[in-house]
2 protein chains.
Amino acid sequence: MLLFSFYEKLRILAYEISRRLEARRESMENTAPIKPTETELEILQILWQHGPSTVRLVNEEQNKAKETGYTTTLKLLQIMYEKNLVSRDEESRSHVYRAAVTEEETQQHLLGRFLDTTFRGSAMKLVMQALGNHRTTPDELNQIRHLLKKLEDDSSHADS
Amino acid sequence: MLLFSFYEKLRILAYEISRRLEARRESMENTAPIKPTETELEILQILWQHGPSTVRLVNEEQNKAKETGYTTTLKLLQIMYEKNLVSRDEESRSHVYRAAVTEEETQQHLLGRFLDTTFRGSAMKLVMQALGNHRTTPDELNQIRHLLKKLEDDSSHADS
DNA sequence: ATAGTAACACGAAATTTTTCGTAGATCAAG
DNA sequence: CTTGATCTACGAAAAATTTCGTGTTACTAT
């Protein structure tokens, strides 16, 4: 295995990732479409990081990145509430909001969309691009396929 | 090396990717900010795939996915022209538009943005997410760091 | 030449997303 | 009970994005 250069190893993995992502996406077709807007996503990030929070808390967090009026944050959370992106506890006077979607599923959705719109669905290209611009010739692709077979066989033995 | 399971191998690579992406992003800070909107990106995709095209051509392509008026496409291209996302040849009566940004650099930019907004900058998480939801404990992370060192040493010998 | 077709420019309507102002309710302190 | 601070609700302005209608010009074929 030590014969393979980093890039070769990468290509093998990238291919594997590509295959799995595709399978995963197919098995997810009937899931609810989560499509937060840019700022909604920012708020979700805050809720994911800090857990259930009041509007005030969220707003203060937001302000660290960019000055934002209190009612702006409030309105956003209300909108997100209607979209079922967040739930809220109205017990105390200041409502406590919490994310109603998990970070993972949201990332999964957004990743799929991003893959389609930006990389035309090629997870392979995405990973390769993440590394640097390495063109893969048809020949290389074949090489990968061969290597992959070996790798798969090996993995099935070595896997925990 | 054959002791490593697929996921272990993946984590090593993901970490490496993460490091490189970060370096890459830092060295790119002073680049012009390419931020095409959703539909602008769709048009760029068409231009990248088909090469320089007339408005008519682009519009027909667009219609395969979603009915779009001719002047709508035209207007978008004009806007993109002003933003320098595309250039155009006005020789013949029907102008010929071509992408003024490469697919790679655009993907690079968008990937960076996406990474920040959706994965809080963690390429590692992105790749892991692409594969499936595997939690990485702090302990695992340490393991990776160790493995990486080995891998790096090995790579520097084996690399082409 | 003239009618018909297809192209461009331009402005503005329509839609979506983001921001903010105001009114009314609730609570705590004097 | 009144004042002041803080909260929610709501509507609407502002900004960004997308779509389309109209007028004009250029080319083609009769």
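For A:Lys64, go 7 angstrom from Cα along the Cα-to-Cβ vector, then report the distances to that same point in the other copies in nm, smallest first.
When each copy's label point is compared with this one, the spacings are 4.6 nm.
What is the local net charge at B:Lys125, summed over the other residues whose Cβ is closer than 10 Å to its Cβ (Lys, Arg +1; Asp, Glu -1)? Don't skip to the answer; put the middle values down first.
Values: positive: B:Arg120; negative: A:Glu103, A:Glu104.
Charge balance in the 10 Å sphere: -1.
Say a label goes 7 Å from Cα toward Cβ at B:Glu104 in every copy; what distances in nm does this one have to the rest, shortest first?
Result, one decimal in nm: 3.6.
Provide the per-residue ³J(HN,Hα) series for the range A:53-61, in order, calculated from phi with Karplus coefficients 6.51, -1.76, 1.60 and θ = phi - 60°, each as a whole number of Hz, with x at glycine and proline positions.
Per-residue couplings from phi come out as 9, 7, 4, 4, 4, 4, 4, 4, 4 Hz.
How large is ³J(HN,Hα) for each residue in the range A:39-50, as worked out from phi by the Karplus curve 6.51 cos²θ - 1.76 cosθ + 1.60 (θ = phi - 60°), to whole Hz, x for Gly and Pro?
Once rounded to whole Hz, the list reads 6, 4, 5, 4, 5, 4, 4, 4, 5, 5, 6, 9.
Using a 1.4 angstrom probe, figure out how much accessible area the range A:40-101 has per residue, in square angstrom, rounded to the nearest whole.
60
Per residue, what volume in Å³ does the convex hull of the Cα atoms of the range A:38-100 enclose?
Working: hull volume 4.6 nm³, N = 63.
Hull volume over Cα atoms, normalised by residue count, gives 73 Å³.
May I ask which of A:Lys64/A:Lys125; A:Lys75/B:Lys125; A:Lys75/B:Lys83; A:Lys35/B:Lys64; A:Lys35/A:Lys66; A:Lys125/B:Lys35 have a Cα-Cα span longer than 25 Å here?
Too far apart for the 25 Å limit: A:Lys64/A:Lys125; A:Lys75/B:Lys125; A:Lys75/B:Lys83.
Short version: which residues of the range B:97-129 lose at least 50 Å² of accessible area, all chains versus chain alone, 1.4 Å probe?
Buried by the other chains: B:Glu104, B:Gln107, B:Leu111, B:Phe114, B:Thr117, B:Thr118, B:Arg120, B:Gln129.
Chain pair A, B: how much accessible area is buried, both chains summed, with a 1.4 Å probe, in Å² to 100?
Values: alone 11310 and 11300 Å², together 18110 Å².
Rounded to the nearest hundred, the buried surface is 4500 Å².
Which distances, in nm and shortest first, link the A:Gln78 label point to the same label point in every other copy, taking 7 Å along Cα→Cβ?
So the label point of A:Gln78 gives 3.9 nm to the other copies.
Tell me, what ³J(HN,Hα) does each residue in the range B:85-94 have, in order and in whole Hz, if you take phi through Karplus 6.51 cos²θ - 1.76 cosθ + 1.60 with θ = phi - 60° and put x for Gly and Pro?
7, 9, 10, 8, 9, 9, 3, 6, 4, 8
For the range B:38-100, what does the relative contact order come out to in percent, with C-alpha contacts under 8 Å and a separation of six or more? Kindly include the intermediate steps, with their values, before the conclusion.
Details: 65 pairs, mean separation 23.9, N = 63.
Relative contact order here is 38 percent.
The values are calculated or read from the model by the stated rules, or taken from the named source; none is laboratory data. The structure presented is a predicted model; accordingly, all values stated were derived computationally and were not measured. Here the Cβ is made from the backbone with ideal geometry for all residues, glycine too, and neighbour counts use every protein chain on show. Heavy atoms of the whole protein, side chains included, go into the accessibility calculation; ligands, DNA and RNA do not. Shrake-Rupley method; radii C 1.70, N 1.55, O 1.52, S 1.80 Å.
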